[in-house]
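I have placed the structure first, in the form of structure tokens, so that the comments after it can refer back to it.
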Amino acid sequence: MWIGPAEADAIAIKLQGIQAPRPLTHDFVCTLVETLGASLKCIIIDKLEDDLFRAKVVLITGKGEIGLDCRPSDAVALAVRQNVPILADKDILDRAGIALHTDE
């Protein structure tokens, strides 16, 4: 899965515990979701079409759960900020996953 430089920075900043002087775009989106009374449940890498991964951000709202299409890299940046599960469809993992073997 390709992650662009801006999204990679946004993910790394959060994982390293660095506080940006101003909210980054993904921080803003998290604040927006919370301000509107919703919460992020998880993200799902749900499709692989023409060598492009697709994702959904699953939100819990007062009207139930909704899934919004999202670029996977943006979805991951949101997930690390909200500490929610990052899920992937089994078929996608079977098609595109790499098994790492350890000598244990």
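What follows draws every value from the coordinates through simple rules; no lab data is involved. Every value quoted in this text rests on a predicted model; they were computed, and no experiment measured them. Here the Cβ is made from the backbone with ideal geometry for all residues, glycine too, and neighbour counts use every protein chain on show.
Please specify each residue of region 87-104 satisfying the condition of being in a helix (DSSP H, G or I) and exposed (fewer than 13 other Cβ atoms within 10 Å of the Cβ).
Going through region 87-104, the residues in a helix (DSSP H, G or I) turn out to be 90-96.
Of everything in region 87-104, those that are in a helix (DSSP H, G or I) and exposed (fewer than 13 other Cβ atoms within 10 Å of the Cβ) turn out to be Lys90, Asp91, Asp94, Arg95.
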Would you point out the residue of region 1-50, among those that are surrounded by fewer than 16 Cβ atoms within 10 Å (Cβ to Cβ), free of Cβ contacts under 8 Å to residues at least 60 places away in the same chain and among the hydrophobic types (A, V, I, L, M, F, W, C), that is nearest to Thr61 (Cα to Cα)?
-> Leu36
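With the requirement that a residue be surrounded by fewer than 15 Cβ atoms within 10 Å (Cβ to Cβ) and under 16 Å from Ala55 (Cα atoms), what does region 67-86 give you? Lay out the reasoning, then the answer.
At the first step, the residues of region 67-86 found to be surrounded by fewer than 15 Cβ atoms within 10 Å (Cβ to Cβ) are 68-69, 83, 85.
If the condition is that a residue be surrounded by fewer than 15 Cβ atoms within 10 Å (Cβ to Cβ) and under 16 Å from Ala55 (Cα atoms), then Leu68, Asp69, Pro85 are the ones that fit.
Please tell me if Ile43 is part of a strand (DSSP E or B), closer than 15 Å to Met1 by Cβ and of a type outside the set (Gly, Ala, Ser). Give the derivation first.
Working: part of a strand (DSSP E or B): yes; closer than 15 Å to Met1 by Cβ: yes; of a type outside the set (Gly, Ala, Ser): yes.
When the stated conditions are applied, Ile43 passes them.
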